[in-house]
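Notes to accompany the following structure.
The values are calculated or read from the model by the stated rules, or taken from the named source; none is laboratory data. Quantities reported herein were computed from a predicted structural model and do not represent experimental measurements. We place every Cβ from the backbone using ideal geometry, glycine too, and count neighbours over all the protein chains shown. These accessible areas exclude ligands, DNA and RNA; they are computed on the full protein's heavy atoms, side chains included. Shrake-Rupley method; radii C 1.70, N 1.55, O 1.52, S 1.80 Å.
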Amino acid sequence: MIKAVRGTRDLLPPETALWNFVEAAVRDVFRAYNFHEIRTPIFENTQLFSRSVGEETDIVSKEMYTWVDGQGATFETQMVSEWMLTHQDEIRRASHQRVFENRRGPDLVVQMANGTLVVEFKRRTVNQATIANMKQYRKSLAAAFPEQADPKLRLVFAEEPSQFVRHLADSNGVDVEVLQLAEYEPPESLTLRPENTAGVVRAYIEHDLQKRGLNKLYYIGPQFRRERPQKGRYRQFYQIGAEVIGPATAGSESPARDAEILELLATLLDRLGIKDWTLQLNSIGCADDRAKYNEALRKALDPVKDKMDPDCQRRAVTNPLRVFDCKVPEDQPIIEKLPRISQFLDEPCRQHFQQVQEILKSVGVEFQLNDRLVRGLDYYTRTAFEFTHGALGAQNAILGGGRYDGLSEALGGPAAPGIGFAIGEDRLVLALSESAEAVYRKPDVYIAPLGAGMNKEAARLARELRRHDIFVELGDETFRLKKSLETASKMGAKYALIAGENELSTGVLALKNLATGEQKAVPRTLLAQVIQS
Ligand code: HAM
């Protein structure tokens, strides 16, 4: 039996109701804060992630789903297939015949309607040797397959060849054909997005969104990381995220943006009824602070790094901040003693962080300062944060985010300070799982058609009731009443409506309250009103 791939899962009812409930609540909150939805592709160029998230991060170095797209489609192979398409009406058979021992054969030997062709594909230049080879192919082919005697030679070019090449071909009895080639798509490295900030910033640059001033964008969708699956950690998981990005003149750099994002998150979690969250807050400094801090880290790591896990040792040299992501327990005492970024913040950075904290205090959002929090992605500057939730166990980060003031420039765009977050939707839903039953909508009424021919009457009844926004489930005329009532109770319907010939001809139907067992005769015209009361 084929099962879902490790680390992926099916979301089934009633749980999907909880996902929809969460997404609807989140969209409401985003609306109140003037955020608008952006949808970016699920796969992007690999470089987008290596240049933004960073080569040395766990995500890029070991967790990405990356493949070469269009593998094998070299320029030549694309020419061959396009040439075959162009000549499909004349071609009887085509092959790369292996009659040329110990040497490369022609690109193609083709049986055309009017004889055999030996074809070579080139961009636009050839030399004497190419022509000599072709003549040789012709000879060998004629010797091996006498019935293909006197094959013709043809050079197919992707671009108009030079006069010299044309002359060379002509004087050796070789035809020249110039192929109208559709746009060549070289093979490229693509990656399933492991996160969405890079994609949003790419879109910001690509569509020149800076001209809109401050962009407040949100997204909901799947992300992919090849992590070791466990509760709360999947290989396909879902994020609800938001990014605030724009030119500094639009206020994108202001601490007010950071505080608004954090306050929005507190509101959102509260509104969803998630209580026991903790906001962990840090500032990881600006570019200059980071250079000084990296230096200090390298210095502190130098005498001890040999005792660390090989992965951490490499990081200690290439990207010392990433040492904080090392999970090996024996390395923790070393990491614990390393200098902290908080000691290296320059004045503007320190003030920015101070102001974020002041606004948070004034709006009553509680936080804990945590100067070990560096986040697992390289693009962060200044404010960095995570919300953790006690009930989630080992994977307790329900969301994370921060500022990324230099990211747009690193991707070749304009200066565009930004800040954002992503909530792990799987974890959010996990934290709410006790409420799954509560948000799962059950039918208001189950219609039980009684007897042959009653399905069509029941369908009409259902149509009438659904027009009143009543949630209707339909039974089947082959079911006995007992079975219908059992099915209705099992699915949690509030009422069962009995639609037999008698009831329909008199226009008065039997409506049974499944919780109390009470049954009432209700005129058809009043059904909707009674069910909704
Ligand atoms: P992140 O911390 O890598 O940040 O991921 C954000 C959240 O996604 C995590 O806190 C966690 O809840 C969830 N998550 C991550 N990996 C998994 C997984 N394998 N299974 C289930 N949930 C997972 C980012 O992705 C940044 N792009 C956030 C951001 C937006 N920063 C600025 N803007």
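Residues that are within 26 Å of Pro13 (Cα to Cα) and not hydrophobic (A, V, I, L, M, F, W, C): find the strands (runs of 3 or more DSSP E) completely inside the range 453-528 holding 1 or more of those. Before you say what the answer is, go through the steps one by one.
Values: elements: 472-474, 495-500, 508-513, 519-523.
The qualifying strands (runs of 3 or more DSSP E) are 472-474, 495-500, 508-513.
Filter the range 392-406 for residues that are more than 9 Å from the ligand (Cβ to nearest atom) and either of a type in the set (Phe, Trp, Tyr) or closer than 27 Å to Pro247 by Cβ (or both) and give the result.
Correct list: Asp405, Gly406.
Can you name the number of the only condition in (1) at negative phi; (2) open to solvent by 50 Å² or more (accessible area, probe 1.4 Å); (3) modelled with pLDDT of 95 or more that Asn34 fails?
(1)
Could you please let me know if Arg340 is more than 13 Å from the ligand (Cβ to nearest atom) and over 19 Å from Asp58 (Cα atoms)? Write out each step before concluding.
Values: more than 13 Å from the ligand (Cβ to nearest atom): yes; over 19 Å from Asp58 (Cα atoms): yes.
The answer is yes for Arg340.
In the range 109-146, how many residues are of a type in the set (A, V, I, L, M, F, W, C) and modelled with pLDDT under 85? Break it down into steps so the answer makes sense when it comes.
Within the range 109-146, the subset of a type in the set (A, V, I, L, M, F, W, C) is 109-110, 112-113, 117-119, 121, 126, 129, 131-132, 134, 141-145.
Add one more test, that the residue is modelled with pLDDT under 85, and what stays is 141-145.
Residues that pass the stated criteria total 5.
Take the range 259-277 and flag every residue that is open to solvent by 50 Å² or more (accessible area, probe 1.4 Å), in contact (Cβ under 8 Å) with a residue 12 or more places away in the chain and part of a loop (DSSP other than H, G, I, E, B).
Asp276 - this is the single residue of the range 259-277 that is open to solvent by 50 Å² or more (accessible area, probe 1.4 Å), in contact (Cβ under 8 Å) with a residue 12 or more places away in the chain and part of a loop (DSSP other than H, G, I, E, B).
Yes or no: Ser171 touching a Lys or Arg at 6+ places or on another chain (Cβ under 9 Å), among the hydroxyl-bearing types (Ser, Thr, Tyr) and modelled with pLDDT of 80 or more?
Details: touching a Lys or Arg at 6+ places or on another chain (Cβ under 9 Å): no; among the hydroxyl-bearing types (Ser, Thr, Tyr): yes; modelled with pLDDT of 80 or more: yes.
So Ser171 fails the test.
Please work out which residue is farthest from Ala25 (Cα to Cα), limiting yourself to the range 407-427 and to residues that are surrounded by 18 or more Cβ atoms within 10 Å (Cβ to Cβ), among the small types (Gly, Ala, Ser) and touching a helix residue (DSSP H, G or I) at 6+ places or on another chain (Cβ under 7 Å).
Step one: of the range 407-427, the residues surrounded by 18 or more Cβ atoms within 10 Å (Cβ to Cβ) are 407-408, 411, 413, 416-427.
This time we only want the ones that are among the small types (Gly, Ala, Ser), so: 408, 413, 416, 418, 420, 422, 424.
Next, only the ones that are touching a helix residue (DSSP H, G or I) at 6+ places or on another chain (Cβ under 7 Å) stay: 408, 413, 416, 418, 420.
Details: Ser408: 30, Gly413: 34, Ala416: 29, Gly418: 24, Gly420: 19 Å.
Among residues in the range 407-427 that are surrounded by 18 or more Cβ atoms within 10 Å (Cβ to Cβ), among the small types (Gly, Ala, Ser) and touching a helix residue (DSSP H, G or I) at 6+ places or on another chain (Cβ under 7 Å), the one farthest from Ala25 (Cα to Cα) is Gly413.
Out of curiosity, is Arg382 of a type in the set (Lys, Arg) and crowded, with 20+ Cβ neighbours inside 10 Å? Walk me through it before giving the result.
Values: of a type in the set (Lys, Arg): yes; crowded, with 20+ Cβ neighbours inside 10 Å: yes.
For Arg382, the condition - of a type in the set (Lys, Arg) and crowded, with 20+ Cβ neighbours inside 10 Å - is met.
For the range 382-391, enumerate the residues that are more than 11 Å from the ligand (Cβ to nearest atom) and not charged (D, E, K, R).
Residues satisfying the conditions are Gly390, Ala391.
Test Tyr379 against the stated conditions and say whether it is aromatic (Phe, Trp, Tyr) and within 16 Å of the ligand (Cβ to nearest atom).
On the way: aromatic (Phe, Trp, Tyr): yes; within 16 Å of the ligand (Cβ to nearest atom): yes.
Here the answer is yes, as Tyr379 does meet what is asked.
Out of all the residues in the range 195-216, which are within 12 Å of the ligand (Cβ to nearest atom) and surrounded by fewer than 23 Cβ atoms within 10 Å (Cβ to Cβ)?
Glu195
Condition test on Ala242, is it over 20 Å from Asn45 (Cα atoms), touching a strand residue (DSSP E or B) at 6+ places or on another chain (Cβ under 9 Å), of a type outside the set (Ser, Thr, Tyr) and at pLDDT 95 or above?
Details: over 20 Å from Asn45 (Cα atoms): yes; touching a strand residue (DSSP E or B) at 6+ places or on another chain (Cβ under 9 Å): yes; of a type outside the set (Ser, Thr, Tyr): yes; at pLDDT 95 or above: yes.
It is true that Ala242 is over 20 Å from Asn45 (Cα atoms), touching a strand residue (DSSP E or B) at 6+ places or on another chain (Cβ under 9 Å), of a type outside the set (Ser, Thr, Tyr) and at pLDDT 95 or above.
Going through Gly400, Gly364, Gly451 one at a time, which residue ends up being in contact with a strand residue (DSSP E or B) (Cβ under 8 Å, 6 or more places away or on another chain), under 21 Å from Leu268 (Cβ atoms) and not aromatic (Phe, Trp, Tyr)?
Working: Gly364 fails: in contact with a strand residue (DSSP E or B) (Cβ under 8 Å, 6 or more places away or on another chain); Gly451 fails: under 21 Å from Leu268 (Cβ atoms).
Step by step, each of Gly400, Gly364, Gly451 is checked, and only Gly400 is in contact with a strand residue (DSSP E or B) (Cβ under 8 Å, 6 or more places away or on another chain), under 21 Å from Leu268 (Cβ atoms) and not aromatic (Phe, Trp, Tyr).
Go through the range 278-317 and give me each residue that's of a type in the set (A, V, I, L, M, F, W, C), surrounded by 21 or more Cβ atoms within 10 Å (Cβ to Cβ) and not in a loop (DSSP other than H, G, I, E, B).
Let us first name the residues in the range 278-317 that are of a type in the set (A, V, I, L, M, F, W, C), namely 279, 281, 284, 286-287, 291, 296-297, 300-301, 304, 308, 312, 316-317.
Within this subset, residues satisfying the condition of being surrounded by 21 or more Cβ atoms within 10 Å (Cβ to Cβ) are 281, 284, 297, 301, 312, 316.
Within the range 278-317, Leu281, Leu297, Leu301, Cys312, Ala316 qualify.
Contact list please: Cβ distance under 8 Å, first residue in the range 241-258 and polar (S, T, N, Q), second residue more than 14 Å from the ligand (Cβ to nearest atom), pairs at least six apart or on different chains.
Going by the 8 Å Cβ cut-off, the qualifying pairs are Ser252/Leu214; Ser252/Gly246.
Would you please list the contacts, defined by Cβ atoms under 8 Å and residues six or more apart or on different chains, that run from a residue in the range 392-416 that is at pLDDT below 95 and part of a helix (DSSP H, G or I) to a residue that is more than 6 Å from the ligand (Cβ to nearest atom) and open to solvent by 30 Å² or more (accessible area, probe 1.4 Å)?
Leu392/Leu430
Hey, could you check the range 170-194 for residues that are more than 28 Å from Val80 (Cα to Cα) and assigned to a loop (DSSP other than H, G, I, E, B) and say which is nearest to the ligand (Cβ to nearest atom)?
Pro194
Taking interchain pairs and intrachain pairs at least six residues apart, which have beta carbon atoms under 6 angstrom, with the first residue in the range 510-526 and without any contact (Cβ under 8 Å) to a residue 12 or more places away in the chain and under 15 Å from Gly492 (Cα atoms) and the second open to solvent by less than 50 Å² (accessible area, probe 1.4 Å) and assigned to a loop (DSSP other than H, G, I, E, B)?
Correct list of pairs: empty, since none qualify.
Condition check: in a helix (DSSP H, G or I), over 15 Å from the mean Cα position of the chain (by Cα) and within 28 Å of Gly213 (Cβ to Cβ). Does Ser52 satisfy that? It would help to see each step written out before you state the result.
Details: in a helix (DSSP H, G or I): yes; over 15 Å from the mean Cα position of the chain (by Cα): yes; within 28 Å of Gly213 (Cβ to Cβ): yes.
It is true that Ser52 is in a helix (DSSP H, G or I), over 15 Å from the mean Cα position of the chain (by Cα) and within 28 Å of Gly213 (Cβ to Cβ).
Can you tell me which residue within the range 219-253, out of those that are polar (S, T, N, Q) and crowded, with 16+ Cβ neighbours inside 10 Å, is nearest to the ligand (Cβ to nearest atom)? Let's see the steps before the verdict.
First, pick out the residues of the range 219-253 that are polar (S, T, N, Q): 223, 230, 236, 239, 249, 252.
This time we only want the ones that are crowded, with 16+ Cβ neighbours inside 10 Å, so: 223, 236, 239, 252.
Details: Gln223: 7, Gln236: 8, Gln239: 5, Ser252: 13 Å.
Across the range 219-253, the extreme among qualifying residues is Gln239.
Whether any residue in the range 428-448 is within 9 Å of the ligand (Cβ to nearest atom), of a type in the set (A, V, I, L, M), open to solvent by less than 30 Å² (accessible area, probe 1.4 Å) and outside any helix (DSSP H, G or I) is what I want to check. Walk me through it before giving the result.
We begin by selecting, within the range 428-448, every residue within 9 Å of the ligand (Cβ to nearest atom); these are 428.
Next, only the ones that are of a type in the set (A, V, I, L, M) stay: 428.
Imposing the further condition that a residue be open to solvent by less than 30 Å² (accessible area, probe 1.4 Å) reduces the set to 428.
Then drop every residue that is not outside any helix (DSSP H, G or I), which leaves none.
No - not one qualifying residue is present in the range 428-448.
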